[in-house]
Amino acid sequence: MNILTLDAGGTNFVFSAIKDGKFCGESIRKPSNGDNLDLCLKTIIEGFTELSVASDDKVDAISFAFPGPADFSKGIIGDLYNLTAFRGGVALGPMLEQIFNVPVFINNDGDLYAYGEALAGTLPFLNSELLANNSSKQYRNICGMTIGTGFGAGLVHNGILIKGDNICAGEIWATSNRQSPDFNSEEGVSIRSVRYFYADFAGIKTEDAPQPKDIFEIGTGKIAGNKQAAIMAYEKLGRYIGDSIANMITLFDGIVVIGGGVAGAKELIIPGIEKELVREFNKLDGSKNSRLSQRVFCLNNKDQMADFLKDHGKTIKIPFSEKRIIYDSEPRCAYMFSEFNTSGMISMGAYFYALGKITAE
């Protein structure tokens, strides 16, 4: 199958062609022109046209990620925050079907990111590593979180993308967070929040704070600045992320993989995540509950990864029998900042989603 994909961001559109599960040629990058609807639509048409012309084979489908709100099942885009020209409902999918005469599938980027990581990224990698280490454990559930200018997530169970009745499953950005109960989680889990945190810790105005990349370099001692404020800013971001990871693992019980622009600062973020995951809840009788039922590993930590890959099972005897059975008594989950390119995983998710739809017909 030869499928054309697009990762649509608020600033840039990245077009790719994927054939038989592999990227074909170079991706095409174009400015989104999100404040001008006609120009934005023409950019999308041009990008897919260039991919189509460059392809040696016929195009079987177009499948891509686009921001919401949207009726993705009908290919209709609603009023977007990052692409402000989309207002009142734009039938983007039907337009492309008429122009290119192929099926067109549009989905949320968080969903497609999770789908790509589930079928071609972190999940198959981890399961293969577990097998290589003679572990009896295999994972079927994954939550893909994307953290950049916003906070999104997608859920996949046993190769099936969980979308919900309104295609709103995984809208993690709108969940609450106990770090700041009056704000939704996205206000603390996004690149932009780092500047607010830094300004607060440094005692300066937000507009005077450095950009997040510079704050990371201050925190790692690469450039001058308030190093303690930088470290604390990213640790606070980590606590927000950790709270969201804990909530997701509690409800979904699987691997959490994190992608997006924030991943480059993981060395400063992980300490905050770790503190939040071991934080306890109070009980009415004065005792405490563990935050999670599972033991959670950080797979970006080499020692924790090695422990996670071990076979934790033991054999026990079946009563009134000489037979034995493997028993793994420790529930285990994990999170990690992905080693795979986020845009590439979104495109892979789009490819596999279209492939599943076409082959099912």
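Observations on the model:
- For N289, net neighbour charge (Lys/Arg +1, Asp/Glu -1) across residues whose Cβ lies under 13 Å away: +2
- Calculated [222 nm] ellipticity per residue, helices only, for the chain: -12000 deg cm²/dmol; basis is -39500 (n - 2.57) per DSSP H run with n ≥ 4, divided by all residues, nearest 500.
- Using θ = phi - 60° and Karplus 6.51 cos²θ - 1.76 cosθ + 1.60, couplings along region 9-14 (whole Hz; Gly, Pro as x): x, x, 9, 10, 10, 10
- Candidate cross-link partners of K213 among the lysines, defined by an alpha-carbon separation under 19 Å and a same-chain spacing of 8 or more, comprise K205, K222, K227, K236, K266.
- Residue exposure sequence - C333, C24 - by fewest surrounding Cβ within 10 Å: C24, C333
- Look at the alpha carbon pairs under 8 Å that are at least 6 residues apart: their mean separation over the length of the chain gives a relative contact order of 17 percent.
- Taking amide H as placed 1.01 Å from N in the peptide plane, the amide H of F13 sits under 5 Å from that of K30, S32, each at least 5 places away or on another chain.
- Less than 5 angstrom separates the built amide H of I258 from those of M145, M336, F337, S338, all sequence-distant by 5 or more or on a different chain.
- Within the chain, the percentage of alpha carbon pairs spaced more than 28 angstrom apart rounds to 49%.
- Excluding same-chain neighbours fewer than eight residues apart, the lysines reachable from K22 by a Cα-Cα span under 21 Å are K58, K357.
- Hz values of 3J(HN,Hα) by residue in region 353-360 - Karplus curve (6.51, -1.76, 1.60), Gly and Pro given as x: 5, 5, 4, x, 5, 5, 6, 7
- Sequence ranges 149-161, 115-127, 168-180, ranked by mean other-Cβ count within 10 angstrom, highest first: 115-127, 149-161, 168-180
The numbers here are math on the coordinates, done by the rules we state, and not lab data. These numbers were taken from a predicted model, which means no experiment stands behind them. Neighbour counts run over all protein chains shown; Cβ positions are idealised from the backbone, glycine included.
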